[in-house]
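Below is one structure, written out as structure tokens; the observations come after it.
The values are calculated or read from the model by the stated rules, or taken from the named source; none is laboratory data. Only a predicted model underlies this, so the values are computations on that prediction, with no experimental measurement involved. All Cβ positions, even for glycine, are placed from backbone atoms using ideal geometry, and neighbour counts span all protein chains on display.
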Amino acid sequence: MDIISCLERLCSASGAGGISQACDVAGKMLDRYCEDVRLDALGNVIGVIKSGREGAPVLMLEAHIDEIGLIVTNIDDDGFVYTAPCGGVDVRALPAAEVIVHGDRPYYGVFCSTPPHLADRDKEKDKKGELPKINDIGIDVGMDAKTARNCIKKGDRVSFCPNFTLLNQNRISSKALDNRAGVAAILYCLDLLKKEKVEPDCDIAVVFAVQEELGCRGSAVSAYRVNPDYAVAVDVSFARTPDSEPAKCGELGKGAMIGWSPTLNEKMTRRLKIIAEKHQIPCQHEVMGGVTGTDAESISDARTGVRTALLSVPLRYMHTPCEVADKRDIESAARLLACFIKEGVSAL
């Protein structure tokens, strides 16, 4: 499997605020590895790989597939479209950002941006340090009010335009790498297992969950349905940038980040660390004093509790239209997952 091609297909599809295009794409990819792939009522993609062993434990591999986006709240008398965020959209990245408004068909638009020549310097000085509110920034869709209101309705979703770009042979910039990087890591893991003809000692339930950006809702529903004994959530976490605190961030190209938290299963976490060292798989460590802010918590809380671990791909510029990841970190996560499965979960 070519990770770059896989990522480009995944990232180019929209999965903002209930749009199912990304789920459809991922479902077709997953179908190569699973006996049964389906979408549940909420939109989660669920695939199963049976071990053929009676009473085998169930391991859930999960990555959320939704992305940040917006929802239309109003169209003004000049035809500008106004929105509210679906997830934690970074307002600093919106002016001049290109988007698709999913009306009666997709319409391209651009978030309004005041040219510096026209900006009121005194007004800007008074507001120094203040960020505009998302619902105050209009989207220009090139229509007058009547046309816009006929084509676009309140409640229509807005996603960022596909913009997949290779920065070099390993680095990728795109919208939705949070968390198509995690989805790609799981798909690559399954590809490795298939090529090596691994016979796992557990049944594997693969879940690409929706609505993580809206409160981890999809993973809670899917974990209840799958009822796993063990789970590994794969997400993204912060990578170092010039203005970040190095101790709180991973580094691009240095491997996946193993999560350490009181909410995660310590035995599984240590097992991941030992396996990474044994197989010389590059990895980093992310220590959190409380909740992880990922689907790991909602999975671990399902039914009577699920032993859960967390792997993360380092990511720059999270929750913007131009996130940056490194292919080698996705490979690291996939290899670590594959080795974890090959060595068996029965001993846990």
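State yes or no: is V183 under 30 Å from T73 (Cα atoms) and either small (G, A, S) or in the same structural domain as V25 (by TED's automatic domain parsing) (or both)? For V183, the condition - under 30 Å from T73 (Cα atoms) and either small (G, A, S) or in the same structural domain as V25 (by TED's automatic domain parsing) (or both) - is not met.
Among the residues of segment 275-290, those that are in a strand (DSSP E or B) and either in contact (Cβ under 8 Å) with a residue 40 or more places away in the chain or more than 15 Å from G259 (Cβ to Cβ) (or both) comprise C283, E286.
Can you go through C151, C216 and tell me which one is assigned by TED's automatic domain parsing to the domain that holds L10 and either surrounded by 16 or more Cβ atoms within 10 Å (Cβ to Cβ) or in contact with a strand residue (DSSP E or B) (Cβ under 8 Å, 6 or more places away or on another chain) (or both)? Before the answer, list the steps.
Values: C151 fails: assigned by TED's automatic domain parsing to the domain that holds L10.
C216 is the lone residue from the list that is assigned by TED's automatic domain parsing to the domain that holds L10 and either surrounded by 16 or more Cβ atoms within 10 Å (Cβ to Cβ) or in contact with a strand residue (DSSP E or B) (Cβ under 8 Å, 6 or more places away or on another chain) (or both).
Would segment 314-335 turn up any residue that is in a loop (DSSP other than H, G, I, E, B), closer than 25 Å to I204 by Cα and not aliphatic (A, V, I, L, M)? Steps first, please.
In the first step, residues of segment 314-335 are kept if they are in a loop (DSSP other than H, G, I, E, B); the result is 317-322.
Then keep just the ones that are closer than 25 Å to I204 by Cα; that gives none.
No; the residues of segment 314-335 include none that is in a loop (DSSP other than H, G, I, E, B), closer than 25 Å to I204 by Cα and not aliphatic (A, V, I, L, M).
The set of residues in segment 151-170 that are in contact with a Gly (Cβ under 9 Å, 6 or more places away or on another chain) and closer than 15 Å to I4 by Cβ contains only N170.
Here E54 meets each of (1) in a loop (DSSP other than H, G, I, E, B); (2) surrounded by 17 or more Cβ atoms within 10 Å (Cβ to Cβ) with one exception, condition (2). When segment 264-322 is filtered for residues that are touching a strand residue (DSSP E or B) at 6+ places or on another chain (Cβ under 7 Å) and of a type in the set (D, E), the ones remaining, listed by number, are E286, D295. Here is the figure for segment 3-51: residues that are touching a strand residue (DSSP E or B) at 6+ places or on another chain (Cβ under 8 Å), closer than 24 Å to K195 by Cα and either assigned to a loop (DSSP other than H, G, I, E, B) or among the aliphatic types (A, V, I, L, M) (or both) total 15.
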